[in-house]
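This report refers to the structure that appears directly beneath it.
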Amino acid sequence: MLVSKYRRAIITEREVIGEPILANELAYLDQSDIELVIVEGFKHEQLPKIELHRPSLGKPLLFPEDPGIIAIACDEKIKEPCKIPILNLNDPKQISQFIIDHFSLTYE
């Protein structure tokens with residue numbers, strides 16, 4: 001258990017070994033007061049995604065093959081033309097503002 005004066009996190013073992021299904025994992029959350037859940041991974045799930053792309057690694061973009069990709073966050077310019085926002089991977093404020101604006105979240 002990890003505990004601070006603000007929060008508590010309990011880590012448990014998964015009962016079934018294998019690739020997790022996001023909907024099953026989200027069922028463990030009390031969603032009564034949640035506006036947004038940010039997940040890492042689950043690239044094959046059908047949900048809005050920000051693709052993280054580093055051209056220097058030589059891997060192709062997942063966009064436009066994945067219709068769930070709503071923006072691309074890069075650490076350098078990409079050569080491929082895109083009709084979705086391109087964000088600076090090294091600018092977390094820009095990325096967080098995009099998320100707030102895209103999902104019409106209120107920020108206090």
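The values are calculated or read from the model by the stated rules, or taken from the named source; none is laboratory data. Model, not experiment: these values are computed from the prediction. We place every Cβ from the backbone using ideal geometry, glycine too, and count neighbours over all the protein chains shown.
Can you tell me which residues in the range 78-100 are part of a helix (DSSP H, G or I) and surrounded by 11 or more Cβ atoms within 10 Å (Cβ to Cβ)?
Pro92, Gln94, Ile95, Ser96, Gln97, Phe98, Ile99, Ile100
Somewhere in the range 58-68, is a residue among the small types (Gly, Ala, Ser) and surrounded by 13 or more Cβ atoms within 10 Å (Cβ to Cβ)?
Yes, because at least one residue in the range 58-68 is among the small types (Gly, Ala, Ser) and surrounded by 13 or more Cβ atoms within 10 Å (Cβ to Cβ).
Of the residues in the range 1-36, how many are of a type in the set (S, T, N, Q), outside any loop (DSSP other than H, G, I, E, B) and more than 21 Å from Lys49 (Cβ to Cβ)?
1
Return the only residue of Leu26, Leu62 being at pLDDT below 95, more than 12 Å from the chain's Cα centre (by Cα) and over 18 Å from Ile95 (Cβ atoms).
Unique residue meeting the criteria: Leu26.
Is it the case that some residue within the range 44-52 is farther than 30 Å from Asp33 by Cα, surrounded by 13 or more Cβ atoms within 10 Å (Cβ to Cβ) and without any contact (Cβ under 8 Å) to a residue 60 or more places away in the chain?
no
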